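Undergrad: First the structure, which I've put down as structure tokens, then a few questions once you've had a look.
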Amino acid sequence: MSNSRNVLMMSGLVAFMAAPAFAEKMKATLAQSISPLAAIATVAKAKDFYGKHGLDIEVKYFTSGKRSLAAVMGGGADIATNAESPTTAAAMAKQPIAFLARINYAFVKTLVSKKSGIKGIADLAGKKIGYTVGTGGQVYTNYLLKKAGITEKDVTLVNMRPQELLPAMAAGSVDAINSWEPNITNAKRAVKGSSIIDTKGIYAESFNVLTLRPFLNKNPELFVRLMRAYIDAEKFLKKNPEESIKIVAKRAGMQPSDLKAIWNDYTFSVVLDDKTVKVLKAHAAWRLETGNHPEGAKMPDFMKVIEPGPLRKVDPSRIQITGM
């Protein structure tokens, strides 16, 4: 009995010593997209990896990364999860953003109605397509039309907020929608006979963590802790896919079975790599080519936009950008 008690006491002591002690938790507000693209952040909140690493993170949820970053730019949040589209817009406008990590990577998709008769990208000419300007959905649409050998003049493009895409498909006011998850899967479930056409490989979004440099400079330790929390969330997500799917599906407003079906479409990883830079440069090049940029804008130096310091301090092996 005495030996058992001693073993229990020693186990408790080891656990206590292994857990980091924080005199006070560091507070910040995160503007987060509800999309499964933000799964790592969703799991970090649900499993309290923030608290584990001495953080008190208030989360405000948005329907797109564009709105998330806008909240940070407007002073309504300190940190954002968003794709490359608002990132390049901010960089080209010379906003003082700091790109801290990529946390996901996935392809944008096209959902078509049954009555549209669309079987593949060759059938898009003459159709009405819903998408969201200022997001990866717009860039994807541009590349999609190029791949199909047509231009914007050959289709009718309808700019919509993400939450308007499903009702538009259900009402039959558009023939197709171009977007990210959960918009595509939720619309597919709601609109009988709709289907996803094969566009894989045309355009993939990265999903990232950003802040403003003045806030980063004032709170460097906060972002080291944040990277630790996200790495823990990544590990949990990969080790416990079933539980993670339930957590993320609930936040995204999806059926777990629907999310499970597309779970392997995502690349969950807290990293800064050459693919990250390639996506940013490709998106910025698209802005310059199409004129979708502030007057006088040039290709940003993304090596100055990316801030590897916090992630490098936690795990240098996750910095995989050539020359950084």
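The values are calculated or read from the model by the stated rules, or taken from the named source; none is laboratory data. Since we're looking at a predicted model, the values are computed, not measured. All Cβ positions, glycine included, derive from the backbone under ideal geometry; neighbour counts span all protein chains shown.
Undergrad: If I go through segment 231-283 residue by residue, how many of them are at pLDDT below 95 and basic (Lys, Arg)?
TA: Matching residues across segment 231-283 total 3.
Undergrad: Could you list, in sequence order, the residues of segment 89-111 that are under 27 Å from residue 129 (Cβ atoms) and in contact with a Pro (Cβ under 7 Å, 6 or more places away or on another chain)?
TA: First, pick out the residues of segment 89-111 that are under 27 Å from residue 129 (Cβ atoms): 89-90, 92, 104-111.
The answer is 92, and nothing else.
Undergrad: Any idea which residue in segment 131-175 is nearest to residue 187 (Cα to Cα), counting only those that are of a type in the set (Ser, Thr, Tyr) and buried (at least 21 other Cβ atoms within 10 Å of the Cβ)?
TA: Within segment 131-175, the first condition is being of a type in the set (Ser, Thr, Tyr), and the residues that meet it are 131-132, 135, 140-141, 143, 151, 156, 173.
From what is left, the residues that are buried (at least 21 other Cβ atoms within 10 Å of the Cβ) are 131-132, 135, 140-141.
Numbers: 131: 13, 132: 15, 135: 18, 140: 18, 141: 18 Å.
Going through the qualifying residues, I end up with 131.
Undergrad: I've got another one for you. When residues of segment 271-301 are filtered for being in contact (Cβ under 8 Å) with a residue 12 or more places away in the chain, hydrophobic (A, V, I, L, M, F, W, C) and more than 26 Å from residue 230 (Cα to Cα), how many remain?
TA: Going through segment 271-301 one residue at a time, the tally reaches 5.
Undergrad: Restricting the search to segment 166-202, which residues are in a loop (DSSP other than H, G, I, E, B) and either basic (Lys, Arg) or out of contact with any Gly (no Cβ under 7 Å at 6 or more places or on another chain) (or both)?
TA: Keep residues of segment 166-202 that are in a loop (DSSP other than H, G, I, E, B), which gives 172-175, 180-182, 191-194, 197-202.
Across segment 166-202, the qualifying residues are 172, 173, 175, 181, 191, 192, 193, 194, 199, 200, 201, 202.
Undergrad: Looking at (1) under 27 Å from residue 253 (Cα atoms); (2) modelled with pLDDT of 95 or more; (3) among the charged types (D, E, K, R), which is the only condition residue 119 fails?
TA: (1)
Undergrad: Here's something else I'd like to know. Among (1) of a type in the set (Ser, Thr, Tyr); (2) in a loop (DSSP other than H, G, I, E, B); (3) under 21 Å from residue 280 (Cα atoms), which single condition is residue 140 missing?
TA: With (1) of a type in the set (Ser, Thr, Tyr); (2) in a loop (DSSP other than H, G, I, E, B); (3) under 21 Å from residue 280 (Cα atoms) applied to residue 140, the lone miss is (2).
Undergrad: Read through the list (1) at positive phi; (2) in the same structural domain as residue 158 (by TED's automatic domain parsing), then give the number of the only condition that residue 94 fails.
TA: (2)
Undergrad: Next question, about the same structure. Restricting attention to segment 44-53, and to residues there that are surrounded by fewer than 19 Cβ atoms within 10 Å (Cβ to Cβ) and not charged (D, E, K, R), which single residue is nearest to the chain's Cα centre (by Cα)? It would help to see each step written out before you state the result.
TA: Going residue by residue through segment 44-53, those that are surrounded by fewer than 19 Cβ atoms within 10 Å (Cβ to Cβ) are 46, 48, 51-52.
Okay, now just the ones that are also not charged (D, E, K, R), so 46, 51.
Numbers: 46: 17, 51: 22 Å.
The selected residue is 46.
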